[in-house]
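Report on the following structure.
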Amino acid sequence: MRHVEICDEFNFKDIVISVKSTDTKLMIEAYRLVANRTDIPLASWSDGSGSDPSGTIKSSVGIGTLLAEGIGDTIRVSLTDEPVKEVEVGKEIYVH
């Protein structure tokens, strides 16, 4: 939130907040805290979640939980796999 304050000081309003962690539970809790403190758009991000299938599962649980709670304006899946796979997993999470 310190970086958000810096943006505010310079009247820069075109921002999106991303909170990243490889720990799914920690990521969910962090997003909940940030969502309660601001109306700035949030990019729900599952970072370095691993390869398929473990990365897909971690991303689905983390991002899916946030979406179910109405938290997040965009999503980003980060796998230790090809970027095309990240997009495919992200689309599957969003659709379901």
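Tell me which of these residue 59 doesn't satisfy, since it passes every other one: (1) open to solvent by 70 Å² or more (accessible area, probe 1.4 Å); (2) out of contact with any Phe, Trp or Tyr (no Cβ under 7 Å at 6 or more places or on another chain); (3) modelled with pLDDT under 90.
(1)
Please go through the stretch 1-22 and pick out each residue that is open to solvent by 60 Å² or more (accessible area, probe 1.4 Å) and either under 14 Å from residue 63 (Cβ atoms) or hydrophobic (A, V, I, L, M, F, W, C) (or both). Before the answer, list the steps.
In the first step, residues of the stretch 1-22 are kept if they are open to solvent by 60 Å² or more (accessible area, probe 1.4 Å); the result is 1-3, 5-6, 8-14, 16, 20, 22.
Scanning the stretch 1-22 gives 1, 6, 10, 12, 16, 20, 22.
If we keep just the residues of the stretch 25-51 that are modelled with pLDDT under 90 and buried (at least 16 other Cβ atoms within 10 Å of the Cβ), which is farthest from residue 84 (Cα to Cα)?
First pass over the stretch 25-51, keeping only residues modelled with pLDDT under 90: 44-51.
Subset that is buried (at least 16 other Cβ atoms within 10 Å of the Cβ): 44-47, 49-50.
Values: 44: 18, 45: 16, 46: 16, 47: 16, 49: 15, 50: 15 Å.
That would be 44.
Tell me whether the stretch 70-84 contains one or more residues that are open to solvent by 90 Å² or more (accessible area, probe 1.4 Å), over 14 Å from the mean Cα position of the chain (by Cα), at pLDDT 85 or above and of a type outside the set (Phe, Trp, Tyr).
Yes: the stretch 70-84 contains one or more residues that are open to solvent by 90 Å² or more (accessible area, probe 1.4 Å), over 14 Å from the mean Cα position of the chain (by Cα), at pLDDT 85 or above and of a type outside the set (Phe, Trp, Tyr).
Kindly indicate which of 42, 26 is within 20 Å of residue 93 (Cα to Cα), more than 11 Å from the chain's Cα centre (by Cα) and not charged (D, E, K, R). Don't jump to the end; show me each part of the working.
Details: 42 fails: more than 11 Å from the chain's Cα centre (by Cα).
On inspection, the qualifying residue turns out to be 26.
Considering only residues that are among the hydroxyl-bearing types (Ser, Thr, Tyr) and part of a helix (DSSP H, G or I), which ones fall in the stretch 50-81? Let's see the steps before the verdict.
Going through the stretch 50-81, the residues among the hydroxyl-bearing types (Ser, Thr, Tyr) turn out to be 51, 54, 56, 59-60, 65, 74, 78, 80.
Matches in the stretch 50-81: 54, 56, 59, 60, 65.
The values are calculated or read from the model by the stated rules, or taken from the named source; none is laboratory data. Because the structure is predicted, anything quoted here is derived from the model rather than measured. Neighbour counts are summed over all protein chains in view; Cβ atoms, including those assigned to glycine, are modelled from backbone coordinates with ideal geometry. With ligands, DNA and RNA removed, areas are computed over all heavy atoms of the protein, side chains included. Shrake-Rupley method; radii C 1.70, N 1.55, O 1.52, S 1.80 Å.
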